[in-house]
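A short worksheet on the structure shown next.
The values are calculated or read from the model by the stated rules, or taken from the named source; none is laboratory data. Just so it is clear, the structure is predicted and the values come from calculations on it, not from any experiment. Note that we place each Cβ from the backbone using ideal geometry, even for glycine, and neighbour counts take in every protein chain shown. These accessible areas exclude ligands, DNA and RNA; they are computed on the full protein's heavy atoms, side chains included. Shrake-Rupley method; radii C 1.70, N 1.55, O 1.52, S 1.80 Å.
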Amino acid sequence: MSGQPMKDSAVRPELAEGLGQSQTGQNGMHRRDESITSLLEVKNLSISFGGHEVVHGIDFSIAQGEKLALVGESGSGKTVTALSLLRLLQDAQTSGQAVFKGLPGQAQADLLTLPLKALQSLRGQDISMIFQEPMTALNPLMTIGAQIAEVIALKQAEVPVNAQQLAIKLIESTGIDDAPRRAKAYPHQLSGGQRQRAMIAMALACRPKLLLADEPTTALDVTVRGQILELISTLQQQYGMAVLMITHDLNLVRKFADRVVIMENGHIVEQGPVQDVFTNPQHAYTRKLIDSAPTRDVREVGEGVRGRQNGKGGPGGQVSADPLPADRPILVAKNLRVVYPVPLPGFRGWFKHGEFVAVKGATLEVLPGQTLGVVGESGSGKSTLALAALGLIPSSGVMEIDGQPWGGSSQTPARTLALRKTMQVVFQDPFSSLSPRLTVEEIVGEGLLVHAPKHSKAERCTQVVQALEDVGLTQAQFPGLLARYPHEFSGGQRQRMAIARALIVKPQLLVLDEPTSALDVTIQKQVLQLLQRLQRERGLSYLLITHDVAVIRAMAHHVIVMRHAEILESGPMAQVFAEPKHDYTRTLLAAAG
């Protein structure tokens, strides 16, 4: 059954009147009542690039007013499927049908064969799209209001003055404050959530019958994510639109969609009502996605050490009854403050600078063998806090590593080098943090050149091989591993290399800056399991920076909640999440579900 399409088109009975009722067919598969009229029917759709087929004869449909989620990992074919409906794929060969019904003056039309002029008239008018990254989808040289007004003027033949007024009303309807002023702003002058709302306003300018939403919340913080999801649902009900949501976020699907279509390697492997698919998945890949939520497997305070047994790493292998250490912290920061200079307006800016405070008097400590999680939205100061802890940006206050002063102009270069070995970092995006010009051996062994310069090349190679094996990358799996380059590996494999590079100098503390946010859910779980195992076996401490509450639940012993450069709340993770004291913490937890 794996890799073969499961052709099924069930609809939840809770949908609006007229969509019909779902029935259960053979083998637990769900099928749609034949009396239902679909707004869009995709039949035997195949997509190829240069003769290589990436989508293999898929079938699905969506009814008017329905919310359908297209789910799968990167490379599954979900985005190219959506883009093919509007023929936005360059150099792609498509076959099959995408029958769109309800067009003015005609019963239906095949989107894949519709004349280009007719298709251009339909784009933005009857079918609109919200793209994944608004910063690249919006024109940086036009104001937000002008871009939305342009759509209204072109599609609805409105005069410029009326189009501008309608654009402001649309911006206001998406919840952006002070819409007349924001309409005059350029994309870079808005936050990520505001840019996404502007994209939604543009997509809804002509009240389309079908909205294609490609990962509309992936780049947003968890609180903004919930707001955008609620906004799309509200406007969908108000306008009676059908929505095709492309996503890999199963939590989002549970909250938003009526039906779900699961894609793997260009095949639809399962589809049906969300509740039925999630409670009784029929395909192994669906079960794998559902089981990919982060799970907690860390040494708790007072718990015996688990890890290697008889020289082998094994889950639950008891090697000691010693409790998790809670003595002298490995990292201490008191009243840590980070300030950036900003220009002052007018002639005052000629003589002095103002200041932007990125971190306001943060106090924290990371204990040996434990994880301190720092959670907050973009702009809260959490990544700046991590950079200050690493000594990569200037800061004021008191900071110590392993009981010794860290940072400041009085510290000698030799002492700084020795302490840098104690603390290493794993960055968010492994593709940009690994040099494309260096081989795997050079990348992973780079730290040894700095911290162990007396090692011979053979000794370095041996340690590189061992470090890669420790993170699950072996030469048996990947022939010629050491001579390969980062682009030859997947995102999860590149992140394992980044972890090996950090571990090879045997640090006591790892700073993890969003280490899984750029990864698919199944790969994310694998990387978290790796980090948990390494912590159990080596007694590593982690300073974990993330906006993902689920990752904090799985990894952290203690947690800090940051917003607007300040620590709002801190304490043991279980206590803070069970009894949050601050309204923002409660909002974070509610948005995470």
Look at the stretch 420-479 and say how many of its residues are out of contact with any Asp or Glu (no Cβ under 8 Å at 6 or more places or on another chain), of a type in the set (Val, Ile, Thr) and within 22 Å of residue 537 (Cβ to Cβ).
-> 5
Out of all the residues in the stretch 119-127, is one or more in a helix (DSSP H, G or I) and more than 28 Å from residue 266 (Cα to Cα)?
-> yes
Are any residues in the stretch 401-423 open to solvent by 70 Å² or more (accessible area, probe 1.4 Å) and either out of contact with any Lys or Arg (no Cβ under 8 Å at 6 or more places or on another chain) or of a type in the set (Asp, Glu) (or both), and if so, which ones?
-> 405, 409, 410, 412, 413, 414, 415, 417, 420
Checked the stretch 574-584 for anything open to solvent by less than 20 Å² (accessible area, probe 1.4 Å) and either assigned to a loop (DSSP other than H, G, I, E, B) or in contact with a Lys or Arg (Cβ under 9 Å, 6 or more places away or on another chain) (or both); matches are 584
What's the number of the condition residue 233 fails, among (1) in contact with a Leu (Cβ under 7 Å, 6 or more places away or on another chain); (2) of a type in the set (Gly, Ala, Ser); (3) more than 23 Å from residue 136 (Cα to Cα)?
-> (1)
Matching residues, the stretch 62-85, being over 26 Å from residue 490 (Cα atoms) and open to solvent by less than 10 Å² (accessible area, probe 1.4 Å) = 62, 63, 66, 68, 85
What about residue 101, is it closer than 29 Å to residue 275 by Cα, open to solvent by less than 30 Å² (accessible area, probe 1.4 Å), among the basic types (Lys, Arg) and in contact (Cβ under 8 Å) with a residue 40 or more places away in the chain?
-> no
Residue list for the stretch 440-472, filter: more than 13 Å from residue 499 (Cα to Cα) and polar (S, T, N, Q) | 456, 462, 463
Report, by residue number, each residue of the stretch 152-177 that is under 31 Å from the mean Cα position of the chain (by Cα) and open to solvent by less than 30 Å² (accessible area, probe 1.4 Å).
-> 167, 170, 171, 174, 176
Identify all residues within the stretch 90-104 that are closer than 21 Å to residue 208 by Cα and not in a strand (DSSP E or B); write none if there are none.
-> 102, 103, 104
Of all residues in the stretch 483-497, how many are within 20 Å of residue 75 (Cα to Cα) and aromatic (Phe, Trp, Tyr)?
-> 1
Residue pairs qualifying under the 8 Å Cβ cut-off, at least six apart or on distinct chains, with the first in the stretch 242-256 being over 20 Å from residue 516 (Cβ atoms) and in contact (Cβ under 8 Å) with a residue 12 or more places away in the chain and the second being part of a helix (DSSP H, G or I) and open to solvent by 40 Å² or more (accessible area, probe 1.4 Å), are 246/79
Considering each of 167, 198, 185 in turn, give the residue that is in contact with a Gly (Cβ under 7 Å, 6 or more places away or on another chain) and touching a residue at least 24 places away in the same chain (Cβ under 8 Å).
-> 167
Going by the structure shown, is residue 195 of a type in the set (Lys, Arg), within 24 Å of the chain's Cα centre (by Cα) and either in a loop (DSSP other than H, G, I, E, B) or over 30 Å from residue 281 (Cβ atoms) (or both)?
-> yes
Do the conditions hold for residue 149, that is, is it surrounded by 19 or more Cβ atoms within 10 Å (Cβ to Cβ), without any contact (Cβ under 8 Å) to a residue 12 or more places away in the chain, more than 20 Å from residue 254 (Cα to Cα) and of a type in the set (Gly, Ala, Ser)?
-> no
Only one of 459, 514, 446, 441 that is among the acidic types (Asp, Glu) and over 30 Å from residue 406 (Cβ atoms) = 441
Within the stretch 470-477, identify whether any single residue is free of Cβ contacts under 8 Å to residues at least 60 places away in the same chain and among the charged types (D, E, K, R), and answer yes or no.
-> no
Checked 464, 471 against criteria (closer than 18 Å to residue 513 by Cβ, surrounded by 15 or more Cβ atoms within 10 Å (Cβ to Cβ) and of a type outside the set (D, E, K, R)); the one match is 471
Identify the single condition in (1) more than 25 Å from residue 358 (Cα to Cα); (2) hydrophobic (A, V, I, L, M, F, W, C); (3) touching a residue at least 60 places away in the same chain (Cβ under 8 Å); (4) in contact with a Ser or Thr (Cβ under 7 Å, 6 or more places away or on another chain) that residue 401 does not satisfy, given that it satisfies every other one.
-> (1)
Those residues of the stretch 117-129 which are open to solvent by 80 Å² or more (accessible area, probe 1.4 Å) and within 35 Å of the chain's Cα centre (by Cα), in sequence order | 120
